[in-house]
1. Roughly how many Å² is the accessible area per residue of the range 17-75, as a whole number, for a 1.4 Å probe?
2. Provide the net charge surrounding Asn82, with neighbours chosen by a C-beta distance below 11 Å and charges set as Lys +1, Arg +1, Asp -1, Glu -1.
3. With a Förster radius of 30 Å, plug the Cβ-Cβ distance of Arg127 and Glu152 into 1/(1 + (r/R0)^6) and report the FRET value to the nearest 0.05.
4. With 26 Å as the limit, write out which pairs from Lys16/Lys87; Lys16/Lys57; Lys57/Lys131 have Cα-Cα distances beyond it, or answer none.
Amino acid sequence: MSVTPTEQKIIDLLGKSDKRALDLLYENYSSSLYGVILKVTINEEIAQDALQETFIKVWKNAHKYDPKKAKLFTWLFRIARNTAIDKLRSFNNRYHKEVQIDTSNVYILPSSNLNQDVLDIKEHVGRLEEKYQIVLDALFFQGMTQQEASDELNIPLGTIKSRLKIGLRELKKVYDPQ
């Protein structure tokens, strides 16, 4: 793979955690990345947020970039596209859910149907190993997607999924001890 002098400069600066890399990244790639993000989100406000978040993720994960595996733009493109998809999902989940209070039966549930032993899920999660607690907290109590939790906790996505599965299996033992 041939690398342009500008790309090499950015790669070198990223490797040294030199903030000048962000300026060069923004100058050279922001318009292309914004175009990719806007195509996914079809919303300028979400696209601007996603672009900013993309650069934050690039900065936080600069140490993960391997020029032997992908060109710089390919790596940036993947981060931008995934961030745009996550932002769009988050936006759709947040703003397109309708709460129908008129037809809600939440207030007429008899309390005898509630299992008092399992009402305090945070307490039960707190009894799990810390690595499972962290993942379950991020996904269920902080509302992160698996990708967001992976990025925020700096844990590979596969590990997030495994810890979620094991953590839920352990919680199932509490809620369904058969």
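1. 61
2. Around Asn82, the surrounding residues sum to +1.
3. Once the sixth-power term is evaluated, E becomes 0.80.
4. Lys16/Lys87
The values are calculated or read from the model by the stated rules, or taken from the named source; none is laboratory data. Being a predicted model, the structure only gives us computed values, none of them experimental. Neighbour counts are summed over all protein chains in view; Cβ atoms, including those assigned to glycine, are modelled from backbone coordinates with ideal geometry. These accessible areas exclude ligands, DNA and RNA; they are computed on the full protein's heavy atoms, side chains included. Shrake-Rupley method; radii C 1.70, N 1.55, O 1.52, S 1.80 Å.
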